[in-house]
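The next block holds one structure in the form of structure tokens; read it before the comments.
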Amino acid sequence: MATPKKIMNFLEKSGVKFEEISHRKVYTAIDKARTLKSKEDRVAKTVVIKVGKTPFITVIPANTILNIEKLKKIVESMLDKEVNKIGFASEKWIKENIKGMKEGAIPPFGSIWKIRVIADKNLLKNREIIINSGSNTESVKMTSAAFKKAEPELKEAIFSRKKKKGV
């Protein structure tokens, strides 16, 4: 499956430069980095979270995991209220609300679905990044600046941490 038309149209309307890149079928950002022989900190991992009924798309480097405590503070500042719990969006919720995108390949373009996006500065410090396109066999390479232009409401913060060895 190629990059969904919805994503290609969004990128073209955003007026950003990008490159669609094909690769073997992968389901994780780490596998994508290894397949493409790219540094893991340049490959984006998209994680959809929910705070109550409010979804957020988070984008972090492939070689990191979410720091929930830091993310909680960021979300609280965005919602202007205290947050008790952050959960991961269920597969069912994703299929119903982010239609046409393959599991494990959710693009970080939340504005398409009116979902706020939070991107980790550790990913954005790279000049070029590789992000999900909605397909398990294609990805999108673009500059961090192009990603920010495509998602002008993007919230930037540091909320990831390196994975421990063996995890």
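Would you confirm whether any residue within the stretch 105-115 is assigned to a strand (DSSP E or B) and either surrounded by fewer than 16 Cβ atoms within 10 Å (Cβ to Cβ) or of a type in the set (A, V, I, L, M, F, W, C) (or both)?
No, because not a single residue in the stretch 105-115 is assigned to a strand (DSSP E or B) and either surrounded by fewer than 16 Cβ atoms within 10 Å (Cβ to Cβ) or of a type in the set (A, V, I, L, M, F, W, C) (or both).
Asp120: in contact (Cβ under 8 Å) with a residue 60 or more places away in the chain, closer than 23 Å to Pro152 by Cβ and of a type in the set (Asp, Glu), yes or no?
In short, yes.
Can you name the residue in the stretch 116-150 that is buried (at least 17 other Cβ atoms within 10 Å of the Cβ) and charged (D, E, K, R) and, of all such residues, is farthest from Ser77 (Cα to Cα)?
Checked the stretch 116-150; the qualifying residue farthest from Ser77 (Cα to Cα) is Glu138.
Looking at the structure I just gave you, is Lys81 in a loop (DSSP other than H, G, I, E, B), surrounded by fewer than 20 Cβ atoms within 10 Å (Cβ to Cβ), in contact (Cβ under 8 Å) with a residue 24 or more places away in the chain and of a type in the set (Lys, Arg)?
For Lys81, the condition - in a loop (DSSP other than H, G, I, E, B), surrounded by fewer than 20 Cβ atoms within 10 Å (Cβ to Cβ), in contact (Cβ under 8 Å) with a residue 24 or more places away in the chain and of a type in the set (Lys, Arg) - is not met.
Which residue, of Val47, Val26, is surrounded by 14 or more Cβ atoms within 10 Å (Cβ to Cβ), of a type outside the set (Lys, Arg), in contact with a helix residue (DSSP H, G or I) (Cβ under 7 Å, 6 or more places away or on another chain) and over 17 Å from Asn126 (Cα atoms)?
Every option except Val26 fails the conditions.
Inside the stretch 130-167, can you point out the residues that are more than 22 Å from Lys5 (Cβ to Cβ) and either of a type in the set (D, E, K, R) or assigned to a strand (DSSP E or B) (or both)?
Thr143, Lys148, Glu153, Lys155, Glu156, Ala157, Ser160, Arg161, Lys162, Lys163, Lys164, Lys165
Please go through the stretch 29-44 and pick out each residue that is crowded, with 18+ Cβ neighbours inside 10 Å, over 16 Å from Ala119 (Cα atoms) and β-branched (Val, Ile, Thr).
none
Assuming Asn126 fulfils every condition listed in (1) more than 13 Å from the chain's Cα centre (by Cα); (2) farther than 13 Å from Phe10 by Cβ; (3) free of Cβ contacts under 8 Å to residues at least 60 places away in the same chain apart from one, which condition is it?
All conditions pass for Asn126, except number (3).
Is there any pair linking a residue in the stretch 133-145 that is modelled with pLDDT of 95 or more and among the hydrophobic types (A, V, I, L, M, F, W, C) to one that is crowded, with 21+ Cβ neighbours inside 10 Å and part of a strand (DSSP E or B), with Cβ under 8 Å and at least six apart or on different chains, and which?
Qualifying pairs under 8 Å: Val140/Ile130; Val140/Ile131; Val140/Asn132; Met142/Ile129; Met142/Ile131.
Quick check on my filter: what residues within the stretch 50-71 are surrounded by fewer than 18 Cβ atoms within 10 Å (Cβ to Cβ) and under 21 Å from Lys121 (Cβ atoms)?
From the stretch 50-71, those surrounded by fewer than 18 Cβ atoms within 10 Å (Cβ to Cβ) are 50, 52-54, 65, 67-70; that's our starting set.
Matches in the stretch 50-71: Ile65, Asn67, Ile68, Glu69, Lys70.
Given the options Lys70, Lys85, name the one that is over 20 Å from Glu138 (Cβ atoms), modelled with pLDDT of 95 or more and of a type in the set (Lys, Arg). I'd like the intermediate steps shown before the answer.
Values: Lys85 fails: modelled with pLDDT of 95 or more.
Lys70 is the lone residue from the list that is over 20 Å from Glu138 (Cβ atoms), modelled with pLDDT of 95 or more and of a type in the set (Lys, Arg).
Under the condition of being surrounded by fewer than 16 Cβ atoms within 10 Å (Cβ to Cβ) and in contact (Cβ under 8 Å) with a residue 24 or more places away in the chain, which residue from the stretch 7-19 is farthest from the chain's Cα centre (by Cα)?
The selected residue is Gly15.
The values are calculated or read from the model by the stated rules, or taken from the named source; none is laboratory data. Because the structure is predicted, anything quoted here is derived from the model rather than measured. A quick note on method: Cβ atoms are made from the backbone with ideal geometry, for glycine too, and the neighbour counts reach across all protein chains shown.
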